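Novice: One structure, as structure tokens, below. Some questions next.
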Amino acid sequence: MPNLSPRAKEVLDYLQTKGRTSPREALLDIDINSGSFTRRITELKDAGFPINVETKRHPVTKRRYNVYTYAPS
């Protein structure tokens, strides 16, 4: 495994277990704020982990948000 920060390892384990998540779900499940979560996702992607990003729009608020999927081949 590449040299990852402890928090990135935690996010990777979480994403591998869950399969897909949004920053809000990660906040509730593993207590990581949105900015830190997206930095850890970038760290994982830079290390070569297969993580796909899909932008969605909330049906009520119309705000955009990303959903991250762990996508091993």
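Novice: What number of residues within the range 1-27 are basic (Lys, Arg) and either open to solvent by less than 30 Å² (accessible area, probe 1.4 Å) or under 20 Å from PRO72 (Cβ atoms) (or both)?
Specialist: Residues flagged as basic (Lys, Arg) and either open to solvent by less than 30 Å² (accessible area, probe 1.4 Å) or under 20 Å from PRO72 (Cβ atoms) (or both) within the range 1-27 amount to 3.
Novice: Are any residues in the range 28-68 open to solvent by less than 60 Å² (accessible area, probe 1.4 Å) and more than 19 Å from LEU4 (Cβ to Cβ), and if so, which ones?
Specialist: Across the range 28-68, the qualifying residues are ASN66, VAL67.
The values are calculated or read from the model by the stated rules, or taken from the named source; none is laboratory data. What you see is a predicted model, and the numbers here were worked out from it, not measured in a lab. Counting neighbours? That spans all protein chains shown, and the Cβs are built from the backbone with ideal geometry, glycine included. SASA here: full protein model, heavy atoms, side chains in, ligands and nucleic acids out. Shrake-Rupley method; radii C 1.70, N 1.55, O 1.52, S 1.80 Å.
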